[in-house]
Amino acid sequence: MVFGRSLRWIFKQFSKRKLPIIDGQLKLEGLLAPVEVIRDKWGIPHIYAENTHDLFFAQGFVQAQDRLWQLELNRRTATGTLSELFGNLALDTDRTARTFGFARLGHTDWENADDKLKEVIQAYTDGVNSFLQHPSSKLPIEFSLIRHKPKPWKPEDSLTFSRLMLWKLSYGWLGEIVRANIIDKVGNEKAAELKINYPKNNPITIPNGIEFNLLDENGILKKAKGPFLSRGQGSNSWVISGSKSISNHAYLCNNMHLELTLPSIWYETHLIAENFNVSGVTLIGIPMVLVGHNSHIAWGSTNSYSNAEDLFIEQFNPDNPLQYKFKDKWLDTEEIIEEIKVKGQAEPHIEKVLVTHHGPIISDVVEYTNKRVAINSMSLRPSKSIYGYWLLNQAKNWDDFVGAMRYIDATHLNMTYADIYDNIGYWVIGKVPIRTKKDDGSIPVPGWTGEHEWIGEVPFEKMPHAFNPKDGYLVTCNHKIVPDDYPYNLGNEWVNGYRAKRFEEMIAGKNKLSLEDFKKIQMDVMNIPAKEFITKIKSIKSSDPDVELLLNLLTEWDYNLTSESVGGTVYEVSRYFVVKDILEKGLGEQLTFSLMGKGVNPVLYGANEFHGHDTVTLLRLLDNPDSWWIKQVGGVEELITRNLKTTSNWLKKNLGKNKENWKWGRIHQANFNHAMGLRKPLDKVFNRGQIPIGGDTDTLCQTAYLPQDPYDPNAWAPSHRQIIDMHDFSKSLMIFAPGQSGHLASKHYDDLIDLWLKGEYHPMLWEKKEIEDNTEGKLLLVPI
């Protein structure tokens, strides 16, 4: 511990020399007019420019000032060039990125980009490179440690990284491999018991699929008009209308659940120029704001889990490995030779990527080598999604919002909406294929017959959406969006719906909701499936005192999964052992992990769409004593008592014999890991963590862990929280962790962790006076 503190102090002293200039004046080539960058006391830059060119130039410059190391990592992750810095350790990640072709897509998107978007991205690019070239700039300490100097940024780098992130938020293909492997292992009948089934008593986002209401509670037409309101169709982020809030005005709340990293995946910024005034978060490497608000509207996003990806099994010509069969012909593949430089190796790794008309062959990089499969994915097609975000940043009303949504087609999100006129809305975005009647996108299908080709796309206007719903609110927690009779198949991979159910419990009986209610909802750790599990097993009796103790701890627990909870620990550990016991008898360990949600690559795709559904499967199997899976483990009572004993032994070994020490936060701790922390002892320098935290996959404050590495929340957690007051933007709140800066010596490296952990926020400063009242640094960028 002393060694770690001393080492951190030494590195921080060295890092202090690398801190960016945030006060005074810098002359930059490429600016058209002066730009003022005011950093507030949380390190958030508020950028005031006279024109949008200079605005995005400055955004690129400021991102490079604060997060250059992350900018380089993001680029290399997307382009598949990490091995050049980290050696063979990163080769599998690079091979996957090259095979899926994010760089190829980025180049295509740049070629197809609208002229105005090109101007925005080029200005951002010039800003990044201005920092790299400026004599006052110093590279962060990470570059010194690995003796590396970054190359100039290119416009295609921004679009390449955007394609990686759009793809990471799309689901469908990996679940097909898991299902196919389970069927191969145990057969269709037994596999059917493990399929994803959405609990029938859990909520649906839009029960009618489409809902439009143009009148307020007084029967007056709300201030919104345009072509999308004239169609006459009646139809968590969450949005609350003025009729449901104490202030009588709308609110938009959002907390995006992504992996905890250091620096944070998010970078907060406030952009002001001409008629452009936008505040929120973006990703490092991408200009504009991706989630936040402007002067007229606010928006949030969650993953929709629409299924827009399929795997096609290809037959290759035994006499020509570059040809594949389609119907009665042999077609030529496109062969792409990818040279991957690997640090420490004299020769590059050669990855031969084959592409059929369905998409790239991915078998070798996703551990499915018994078949040659191509991925057909809506997220791997040319797209103008980033142009959609450009339109969204400027949107003034519902029609502008919908117009922007039409372009964001390469990822699959629930987009929530609120405006200053107290309208609320929602649209499910991303293209979804129309499959043949015999296909449901659940398993890989033969690609050579021509019988399983996609036959169209769900029309944009028919995608689920709502405007001013009669209930006065919309909530999306990745749960089921539409009922089974919706005319289009959007898939069946929705998250299990327990978070949405808890949300509805928390607002039930309340005519009006307050800001404090929203804060409590975002931090709530009540666990509904835990209650269902305990209800099913509480009648079990045992003569073993260890088992009986655990049963008592479970039945006495209030289902509130705080970091101090002992009963919650017993639930989490015993549930984990019970699920593994049931599944491993038939599937073995690795396939069990896959069914519990393990992904194929820790950097690119850490979890799959089965994550969280093992609990639903468990609850269903416990009600079916005749299930083959239950019989294999000796019946319900034997299963539970055996695994409670295993849990008891595990708790004593890892937490001690005193049950008072079996607190959830002792084994469930938030960690913010830095890329340099992969090598000891640099983890003591760069990482932050071992922070006890409550929650799990099924709580509103979601802190999920990977099945192969329990119990820390290493899958995802609330990477960001925002509460936007549509009546007074100055009262809006934001938090993300660990901090705004990527510099080890900056006080903003980790200063937001405590606020984030306590469920507190910093204000999203909006008016210039309040920004100046909270100023930490004022930097004037002037043209040469």
As I understand it, the dipole of the chain uses +1 on the Cβ of Lys and Arg and -1 on the Cβ of Asp and Glu, about the Cα centre. Which of 362, 729, 342 lies farthest toward its positive end?
342
Tell me, what is the 1.4 Å probe accessible area of residue 573, in Å² to the nearest 10?
0 Å²
Label the range 12-106 by shape, choosing from rounded, prolate and oblate, from the square roots a ≥ b ≥ c of the eigenvalues of the Cα gyration tensor; if a/c is under 1.5 it is rounded, and otherwise prolate applies when a/b is larger than b/c, oblate when it is not.
oblate
Within the chain, what whole-number % of the accessible surface is contributed by carbon and sulfur, with the 1.4 Å probe and all protein chains included in the calculation?
49 percent
Amide H contacts of residue 716 (H built 1.01 Å from N, under 5 Å, at least 5 apart or other chain):
704
Scalar couplings 3J(HN,Hα) for the range 514-525 by Karplus 6.51 cos²θ - 1.76 cosθ + 1.60 (θ = phi - 60°), nearest whole Hz, x for Gly and Pro, are 10, 4, 5, 4, 5, 5, 5, 4, 5, 9, 5, 10
The range 37-90, Rg to Rh (Cα coordinates; Rh as Kirkwood inverse mean 1/r):
1.16
Restricting attention to the range 257-342, which chymotrypsin sites (Phe, Trp or Tyr not before Pro) occupy a DSSP loop and are surrounded by at most 11 other Cβ atoms within 10 Å?
none
Sorted by chain and then number, the residues having a modelled amide H within less than 5 Å of the amide H of residue 689, at least 5 places away or on another chain, are 672
Per-residue HN-Hα couplings for the range 458-468, Karplus 6.51 cos²θ - 1.76 cosθ + 1.60 at θ = phi - 60°, whole Hz, x for Gly and Pro?
5, x, 3, 5, 9, 5, x, 7, 8, 9, 6
Inter-part distance where the range 695-720 and the range 497-526 are each reduced to a Cα centre, Å
19 Å
Alpha-carbon centroid distance for the pair the range 332-406 / the range 729-752, whole angstrom
32 Å
With all protein chains present and a 1.4 Å probe, the order of 357, 53, 293, 148 from largest accessible area down is 357, 53, 148, 293
Taking only DSSP H segments of four or more residues, each worth -39500 (n - 2.57), what value at 222 nm results for the chain once the sum is divided by all its residues, to the nearest 500 deg cm²/dmol?
-10500 deg cm²/dmol
Identify, among 21, 78, 771, the residue whose Cα sits farthest towards the positive end of the charge dipole of the chain, taking +1 on the Cβ of Lys and Arg and -1 on the Cβ of Asp and Glu, with the dipole about the Cα centre.
21
Sorted largest first, the C-alpha extents of the chain along its principal axes in whole angstrom are 80, 70, 68
Per residue accessible area of the chain, 1.4 Å probe, in Å²
38 Å²
Size of electric dipole in the chain: Cβ of Lys, Arg +1 and of Asp, Glu -1, about Cα centre, debye, nearest 20:
1520 debye
Which whole-Hz ³J(HN,Hα) couplings does the range 578-591 yield from phi under the Karplus relation 6.51 cos²θ - 1.76 cosθ + 1.60, θ = phi - 60°, glycine and proline marked x?
5, 4, 4, 4, 4, 7, 5, 4, x, 10, x, 5, 5, 5
Can you give the Kirkwood hydrodynamic radius of the range 1-40 from its Cα pairs, in Å with one decimal?
13.4 Å
Given charges at beta-carbon only (K, R positive; D, E negative), |dipole| of the range 512-570 in Debye
280 debye
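The values are calculated or read from the model by the stated rules, or taken from the named source; none is laboratory data. All figures in this text were calculated on a predicted structure; none of them were measured in a lab. Cβ atoms come from the backbone with ideal geometry, glycine included; neighbour counts cover every protein chain shown. Areas reflect the complete protein model, heavy atoms only, side chains present, ligands, DNA and RNA absent. Shrake-Rupley method; radii C 1.70, N 1.55, O 1.52, S 1.80 Å.
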